[in-house]
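What follows is a short report on a single structure.
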Amino acid sequence: MNWLFRSLNSSIGKKVIMAITGISLILFLLVHLANNLTLFAGPTTFNTVVKSLDSIKPFVRVIEVILALIFIFHIFNGVRLWYENKIARPTPYAVNGSSKNSSLLSRTMIQTGSIIFIFLVIHLSTFWSAFNFSDLHQTHTYYEFTADMFSNVYYAIFYIIAMITLGFHLNHGFQSAFQTFGWNNKKYFPLITTLGFLYSVLMAVAFSSIPIYFLLIGGN
Amino acid sequence: MTDIKINLLVKVWRQPSTNSVGSFVDYKVSVSPDSSFLEMLDEINNDLEMKNLEPIAFESDCREGICGTCGLVINGQPHGPIPKIATCQLHMRNFKDGDTVWVEPFRAKAFQVMKDLIVERSGLDKIIAAGGYISVNTGSIPDANAMPISKDVSSLAMDAAACIGCGACVAACKNASAMLFVSAKVSQLALLPQGQPERTRRVQNMVKVMDELGFGSCSNTYACEAECPKGISVKNIARLNREFILAHMKSDNIEA
């Protein structure tokens, strides 16, 4: 199996890991968003949806472990690539001309990724832990808890900023994954780039719409 | 005919040797807009030599954009601000009177500065030696029509073969990655029938040597394509990725 580790540890191999885990996370976000949007249908619907997930908990746990592994691989490899790539140019240029040859979003994946990581830690320690291990588990008042959390202006604004950052990260990541897989040709690539742009806008807008909604209706 | 000249402040990276500390040195020049960038440096060197000072060391050979020797980073951009030309094809008319021009060597761990603006680029040759060749039978030249190759494919191969190996892609990349160079060299051979016998071994060995030499990985910022004097497309990098993934999946070689 050494050959497999060696090929995945090569420069292209590490990119392939980023792309596979990235695409998996892109698909996960769609499922997550679909769940979140049921908040707009009111407390009964949302609480029923989350409760029904509770009834298939063992299955959800397995998915969560797989998801956690995907996240860890994506984050670990991303940081590793960033570090190795930094070493590849020990002396920086006196004049930075990168704005003339590449987009800002493509150059700041580690920064946007870091903000998303901070968000992820906070998100897990508040929402995920509350939904899984607190009294909510018995009362099933998930909607009320969410409304309460987002009635805090600072918390809501932090969520909105994190989701816009996520949009930036996805805009480069989406097409980048396909380029890494080698799927770049005249016919499909403009389509992929446009689809990636629309997807990232959808994610930023739709995920942000929830804290904005609760801010506007004042927590109830 | 009036002799119009433009005045510039040129800041050039001076470094006596690989292990010494370098710094920027200011040169005030008055130069004809019709002269090339390298001629401007030649003029500075003439002045320096007249004053018995060490001239600026920089590389050049053909001075017509085909040899890939003259690579400089000018105001933060490899080969200067004009797209799809080499440093030697850059003319002073692209600068305005009173401009400050920063001249730096290509920067990468794999491209050590040897002196001033000259960097060690033999890493690119090592990558070629690892697989950028084909095996051919000796004998007379084969008949031109004996091996059918479609126009589309030969055009793609020729576009990749336009790479002059200057290293601007490495210099432009925020990760100092040589992916565009390697992808062009892999593509030009992988596309053609002559390149098939070594196809899987080639891509595996070239990427291996590229990694060993300390070049970074590709972040798909596409800065390389924007700065390439020959306009090599990042579609070649996609092909390299494809070739690499397939080679590792298909080949029996567990050592690669």
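None of the figures in this text is laboratory data; all of them are computed from the coordinates on show. This structure is a prediction, so every number in the text was calculated from the model and none was measured. All Cβ positions, even for glycine, are placed from backbone atoms using ideal geometry, and neighbour counts span all protein chains on display.
For the range B:71-199, dividing the convex hull volume of the Cα atoms by the residue count gives 151 Å³ per residue.
Need one number: % antiparallel among DSSP beta bridges in chain B, to the nearest 5. Present the calculation step by step, with values, prior to reporting the outcome.
Numbers: 17 of 21 bridges.
Here the antiparallel bridges make up roughly 80 percent for chain B.
Taken as entire DSSP H runs, the helices of chain B that both span 18 Å or more between Cα atoms along their own long axis and average -1.0 or more on the Kyte-Doolittle scale are B:37-50, B:235-250. Straight-line cross-link reach from B:Lys151 at under 21 Å between alpha-carbon atoms covers these lysines, not counting any fewer than eight positions away in the same chain: A:Lys186, A:Lys187, B:Lys185, B:Lys230, B:Lys235. For the range B:166-256, GluC sites (Glu not before Pro) meeting the loop criterion (DSSP other than H, G, I, E, B) and having at most 15 other Cβ atoms within 10 Å: B:Glu255. With viscosity 0.890 mPa s and temperature 25 °C, the Kirkwood radius over alpha carbon pairs of chain A converts through Stokes-Einstein to a diffusion coefficient of 126 µm²/s.
Whole number please: convex hull volume per residue of the Cα set in the range B:1-69, in Å³? Write down the numbers at each step before the final one.
On the way: hull volume 8.0 nm³, N = 69.
Hull volume normalised by residue count: 115 Å³.
Per-residue ellipticity at 222 nm, computed for chain B from helices alone with -39500 (n - 2.57) per DSSP H run of at least four residues, works out to -10000 deg cm²/dmol.
Taking all Cα pairs closer than 8 Å and separated by 6 or more residues, the relative contact order of chain B comes to 19 percent. Shape summary: the range A:11-99 maps onto an equivalent ellipsoid whose semi-axes, from the alpha-carbon gyration tensor, are 39, 17, 9 Å in decreasing order.
For the range A:192-220, the residues whose backbone nitrogen is under 17 Å from a point 7 Å from the Cα of A:Thr141, taken along Cα to Cβ, are A:219-220.
Computed over chain B, the P(r) tail beyond 34 angstrom holds 27 percent of alpha carbon pairs. Dividing the C-alpha radius of gyration of the protein assembly as shown by 2.2 N^0.38 Å, with N its residue count, gives 1.19.
For the range B:6-114, the spread of Cα positions along the three principal axes, ordered from largest to smallest, is 36, 34, 23 Å. Within the same chain, lysines fewer than 8 places from B:Lys28 are excluded, and of the rest, those with a Cα less than 20 Å from its Cα are B:Lys5, B:Lys11, B:Lys51, B:Lys96.
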